[in-house]
1. With only Lys, Arg, Asp and Glu charged, each at its Cβ (+1 for the first two, -1 for the last two), find how big the charge dipole of the range 20-143 is about the Cα centre; round to the nearest 20 debye.
2. Starting from the amide H of Leu99, placed 1.01 Å from N in the peptide plane, find each other amide H under 5 Å away whose residue is 5 or more places distant or on another chain.
3. Please list the non-local residues whose amide H lies under 5 Å from the amide H of Arg50, H modeled 1.01 Å from N, same-chain partners needing a gap of 5 or more.
4. Quick one: Kirkwood hydrodynamic radius for the range 150-299, alpha-carbon pairs, angstrom, one decimal?
5. What is the Cα coordinate range of the range 20-143 on the first, second and third principal axes, sorted by size from largest, in whole angstrom?
Amino acid sequence: MNTPATKKAAKAAKAAKSIPTATSGASNKVVRLEPRKKTLRRLYALSGNRCAFYACERAILNIDGIFVAQVCHIEAASPEGQRFNAAMTNEQRAHEANLLLLCYEHHRVTDDVTKYPVERMQQIKRDHEAKFADAAGKIRSRIVDHTTLETVKEAANLEALWAEIGAPADDDHDPAESLAELGKVVRALKRLPIQTRQLFAIAVDRSKIDRPSGSRYVSVSLLKLVTELSMTALRNHIAILDEAKLVGEADPGEQFREQRILIQTSPESWDFWTKLKKFCKKRELPLKLFIEDLDFSSLAH
């Protein structure tokens, strides 16, 4: 008899058959599923904000909270991927157990399935997540130098800058030498703590030319007001910039007017900061892109 109860039982049986399992996965159509937000939150919580690859200290989220890593499948989400397992269901492929967070470099490295078979990838995941499985594990996570985790995009040449602004006017100008000098400045910027680099970006942006001397300077009191830093913190940052030879002391003859720091002419043979400010204005680019984000690639054609 086709009663409501039998109809309900038949409907339940039909639904049960449609739930994919590990053994039925091979007969199901392979569809790449995006991991659930809950899954991603769990993966991040167990990542310690670090790439899961052994000894890698690259961040998963950068200082601005932007996701800069990649979600890696241990067993691929599609047949053309690495370590694909036809017996898995689509849901199993998108499950937390099959995922780990890697930086771009190590995601590519682990594409070598000979060196990184399923078992080794699972071990990498276990070893990394075990360190951050509880609060104590997070506390034991070692302190790292965050400046070593950032990527610098240096200029291949300065042709775009010269096209907009013009090369230095001296007869002995050597483009290769100017590029080499700029490289030294970029490396000095990379070594700075991020907060110091942020302050320097503000200092360069706010700096002016002193007409009698031709020096580029910024008022210390102005920096204090716009950043709302304490004078102690401000002086600490200035000391770091001074050691990096990015700023200097004001000329003695100027000190009676206001306390200020000089933005060093750098590279030494040409006033790079003046040219960079003009370039940013013409291209409508933020100065922080260069100083804070370390992306000098747009200076080249």
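1. Details: 20 positive and 14 negative charges, 67 e Å.
It works out to roughly 320 debye.
2. Distant-sequence amide H within range of Leu99: Ile74.
3. Close amide H contacts, sequence-distant or interchain: Ile60.
4. Answer for the range 150-299: a Kirkwood hydrodynamic radius of 15.9 Å.
5. Its Cα atoms span 48, 31, 26 Å along the three principal axes.
Values quoted throughout were computed directly from the atomic coordinates according to the rules given, and no laboratory measurement underlies them. None of these values were measured; they are calculated from a predicted model. Every residue, glycine among them, receives a Cβ derived from its backbone with ideal geometry; neighbour counts consider all protein chains shown.
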